[in-house]
RNA sequence: CGGGACGUAGCGCAGCCUGGUUAGCGCACUUGACUGGGGGUCAAGGGGUCGGAGGUUCAAAUCCUCUCGUCCCGACCA
């Protein structure tokens with residue numbers, strides 16, 4: 001490809017509305033342009049990168065028996081009503097009406113469509129398992145789209161769905177898929193972790209996320225470097241406490257005044273207790289009303305883990321307006337003693353003695369509190385968010401490391417959530433009707449490309465991992481209008497093309513500096529710089545974008561060696 | 001949805017508070033000349049519903065109201 005023929009509008013300055021590096025660089029490198037909030041046009045250079053991601057995905061998913069399909073983006077409401085998600089999905093579902101006033105949505109995901117196909121066509125265990133996938137744009141009307149293509153409303157996604165006759169077979173595919181994902185992200189040149197994850201709104205029993213490590217990421221993950229345990233922080237298990245020996249002196253419950261001291265920090269300072277000796281009571285609301293959660297003062301409560309412990313449909317922090325309806329609750333002084341709400345406590349509480357807790361009375365706390373003696377716990381469990389350096393829950397010696405990351409892939413075992421709601425059933429060997437067991441497996445294609453930039457860039461621009469790079473090599477003549485340079489460039493270009501190497505030739509009449517800046521910005525792994533002085537001694541300069549180091553090599557011999565150099569990158 | 005900010009040429013911004021010539025600057029763009037190993041120089045140019053609507057005023061980019069859009073923080077989220 002000749003640079004002058006390529007539509008690649010590069011920018012010197014970053015757009016004002018871009019925040020993260022990948023967004024800035026993708027716009028500056030002429031890969032994307034915004035059309036509306038969270039909606040982007042993909043320009044030729046950007047598309048080449050996305051196609052590379054897609055190609056890797058296709059190869060790996062095909063490898064484990066996936067078959068590609070292309071599904072409608074506009075989906076009828078009835079399907080979503082059937083799966084009960086028409087209401088549940090909320091405002092993120094972009095709803096539209098056709099000329100006959102029939103309701104549709106722009107698909108945010110395709111469980112319903114794929115389940116509909118399978119239930120109509122598959123009747124027997126003999127036809128299972130089936131693994132189908134699609135790579136298409138989807139639309140989720142995000143509350144707050146941000147970070148360019150990383151979290152757009154319209155986005156390119158690979159979604160795979162599998163249907164099985166039994167649980168064991170589902171797990172088999174799940175594990176194959178996990179391996180395929182590992183291969184995919186390795187081939188994309190990413191540093192990532194497979195972490196245990198919450199299934200969230202999509203439902204299901206078992207799931208993992210693939211998270212690319214990056215400080216700009218929105219997710220936090222906790223992992224142990226000794227045993228390899230890794231989990232999204234919203235799910236990461238905390239190690240149960242060692243049972244504490246009851247202290248010889250068990251203090252009596254005592255009411256103390258704590259005028260105006262509401263936060264753990266204030267109370268701890270005022271009473272001269274360590275924060276870990278204070279217990280916080282946090283109120284949540286779920287489908288059954290208010291519930292209370294207890295964690296140690298120096299810990300943070302984790303709503304996802306709490307929801308899982310309770311086993312409720314949903315759980316939100318209680319709103320101030322709701323609290324106003326309960327005159328017995330005093331913000332900052334809520335406690336479990338004589339509280340007429342179900343109380344869920346973190347397991348660390350079980351080994352605490354003589355602690356401090358709100359007294360349900362303004363400006364008052366209790367000291368000398370003991371679990372069981374002073375209040376009852378509905379259920380004890382792991383409901384706090386783990387921190388760096390907390391002990392690993394799976395091994396003896398390890399401790400947690402906490403890092404930020406970008407979720408680029410997510411795999412789920414769905415069970416029969418959709419198949420039973422939508423009656424996707426089959427007859428087993430005994431002629432008995434069963435719901436199919438499903439798995440679903442997503443990868444954000446654009447997000448993967450953006451994550452690659454977050455992880456691979458420098459102050460000059462993008463440094464593409466070789467397999468994602470829009471071109472492998474860029475030829476930069478100091479002056480293309482010089483007949484001799486032009487001939488050399490053209491012949492190198494043609495030879496590389498013959499060798500099947502995607503090559504860009506910067507034939508523009510701009511000065512060298514401009515061409516070098518652009519080459520650095522768009523991040524092509526290898527630059528071949530051709531100038532008259534070096535050429536006079538039969539040499540060309542080869543620069544590796546990753547290291548920004550360049551060396552002279554004798555020409556034309558070096559050209560035959562380019563494939564090897566690329567392999568080593 | 002709550003809080004905050006911004007909208008002036010393709011991009012980045014100044015001007016607005018304190019209303020008053022023809023609305024500026026840098027980059028980009030066009031033409032020409034010189035130049036040619038890290039965004040070069042000089043000269044001459046083109047490009048604006050000042051987001052939109054309404055209002056105040058002799059006069060509005062500037063003040064007021066409404067509205068649309070975009071971004072940030074939070075809540076939310078495969």
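The values are calculated or read from the model by the stated rules, or taken from the named source; none is laboratory data. Quantities reported herein were computed from a predicted structural model and do not represent experimental measurements. Heads up, the Cβs are rebuilt from the backbone with ideal geometry, glycines too, and the neighbour counts pull from every protein chain shown.
A few comments on the model shown:
- Candidate set from region A:344-359 (those that are part of a loop (DSSP other than H, G, I, E, B) and buried (at least 19 other Cβ atoms within 10 Å of the Cβ)); member that is farthest from the chain's Cα centre (by Cα): A:359
- Any hit, region A:237-254, residues being outside any loop (DSSP other than H, G, I, E, B) and under 23 Å from residue A:327 (Cβ atoms): no
Yes/no matrix, rows are residues, columns are (1) away from RNA strand B (no atom under 16 Å from the Cβ); (2) closer than 19 Å to residue A:142 by Cα; (3) touching a residue at least 60 places away in the same chain (Cβ under 8 Å); (4) surrounded by 18 or more Cβ atoms within 10 Å (Cβ to Cβ):
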{"site": "A:7", "(1), (2), (3), (4)": "no, no, no, no"}
{"site": "A:14", "(1), (2), (3), (4)": "no, no, no, no"}
{"site": "A:19", "(1), (2), (3), (4)": "no, yes, yes, no"}
{"site": "A:23", "(1), (2), (3), (4)": "no, yes, yes, yes"}
{"site": "A:41", "(1), (2), (3), (4)": "no, yes, no, no"}
{"site": "A:47", "(1), (2), (3), (4)": "yes, no, no, no"}
{"site": "A:59", "(1), (2), (3), (4)": "yes, no, no, no"}
{"site": "A:63", "(1), (2), (3), (4)": "yes, no, yes, no"}
{"site": "A:70", "(1), (2), (3), (4)": "yes, no, yes, no"}
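- Unique residue being buried (at least 16 other Cβ atoms within 10 Å of the Cβ) and either at pLDDT below 95 or not in a strand (DSSP E or B) (or both) when the list is A:515, A:533: A:515
- Boolean, residue A:33 is more than 11 Å from RNA strand B (Cβ to nearest atom) and surrounded by fewer than 20 Cβ atoms within 10 Å (Cβ to Cβ): no
- Matching entry among A:185, A:147, A:206 (being within 29 Å of residue A:32 (Cβ to Cβ), in contact (Cβ under 8 Å) with a residue 40 or more places away in the chain, in contact with a helix residue (DSSP H, G or I) (Cβ under 8 Å, 6 or more places away or on another chain) and away from RNA strand B (no atom under 11 Å from the Cβ)): A:185
- Close pairs (8 angstrom Cβ cut-off, 6 or more residues apart or separate chains): touching a residue at least 12 places away in the same chain (Cβ under 8 Å) and under 16 Å from residue A:6 (Cα atoms) in region A:506-527, within 6 Å of RNA strand B (Cβ to nearest atom) and assigned to a helix (DSSP H, G or I) anywhere: A:506/A:518; A:508/A:514
- Boolean, residue A:501 is near RNA strand B (Cβ under 8 Å from one of its atoms) and outside any helix (DSSP H, G or I): no
- Tally, over region A:235-266, of residues that are surrounded by 18 or more Cβ atoms within 10 Å (Cβ to Cβ) and under 27 Å from residue A:358 (Cα atoms): 5
- Annotation: residue A:527 fulfils all but one of (1) in contact with a helix residue (DSSP H, G or I) (Cβ under 8 Å, 6 or more places away or on another chain); (2) more than 8 Å from RNA strand B (Cβ to nearest atom); (3) assigned to a strand (DSSP E or B); the unmet one is (2).
- For region A:121-131, the count of residues that are farther than 21 Å from residue A:174 by Cβ, out of contact with any strand residue (DSSP E or B) (no Cβ under 8 Å at 6 or more places or on another chain), modelled with pLDDT under 95 and surrounded by fewer than 21 Cβ atoms within 10 Å (Cβ to Cβ) is zero.
- Residue selected from region A:536-564 under the condition more than 12 Å from RNA strand B (Cβ to nearest atom) and part of a helix (DSSP H, G or I), by the criterion farthest from the chain's Cα centre (by Cα): A:557
- Restricted to region A:312-343, and to residues there that are part of a loop (DSSP other than H, G, I, E, B) and within 16 Å of RNA strand B (Cβ to nearest atom), the residue that is farthest from residue A:196 (Cα to Cα) is A:319.
- Qualifying residue in region A:277-288 (condition: assigned to a strand (DSSP E or B), without any contact (Cβ under 8 Å) to a residue 24 or more places away in the chain and within 33 Å of the chain's Cα centre (by Cα)): yes
- Filter result for residue A:161 (crowded, with 24+ Cβ neighbours inside 10 Å, under 26 Å from residue A:421 (Cβ atoms), in contact (Cβ under 8 Å) with a residue 24 or more places away in the chain and within 15 Å of RNA strand B (Cβ to nearest atom)): yes
- Residue within region A:52-67 that is in contact with a strand residue (DSSP E or B) (Cβ under 6 Å, 6 or more places away or on another chain), part of a strand (DSSP E or B) and at pLDDT 95 or above present: yes
For every residue, the table says whether it meets (1) buried (at least 21 other Cβ atoms within 10 Å of the Cβ); (2) within 19 Å of residue A:358 (Cα to Cα); (3) in contact with a strand residue (DSSP E or B) (Cβ under 8 Å, 6 or more places away or on another chain).
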residue: A:276; (1), (2), (3): no, yes, yes
residue: A:284; (1), (2), (3): yes, yes, yes
residue: A:293; (1), (2), (3): yes, yes, yes
residue: A:331; (1), (2), (3): no, yes, no
residue: A:338; (1), (2), (3): no, yes, no
residue: A:342; (1), (2), (3): no, yes, yes
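- Residue A:369 in contact (Cβ under 8 Å) with a residue 60 or more places away in the chain, more than 30 Å from residue A:122 (Cβ to Cβ), crowded, with 23+ Cβ neighbours inside 10 Å and under 25 Å from the mean Cα position of the chain (by Cα): no
- Checked against the criteria, residue A:484 does not count as within 15 Å of residue A:556 (Cβ to Cβ), within 11 Å of RNA strand B (Cβ to nearest atom) and over 37 Å from the mean Cα position of the chain (by Cα).
- Some residue of region A:466-473 being at pLDDT 95 or above, buried (at least 17 other Cβ atoms within 10 Å of the Cβ) and within 12 Å of RNA strand B (Cβ to nearest atom): no
- Residues that are assigned to a strand (DSSP E or B) and within 14 Å of the chain's Cα centre (by Cα) within region A:440-460 comprise A:441, A:442, A:443, A:444, listed in sequence order.
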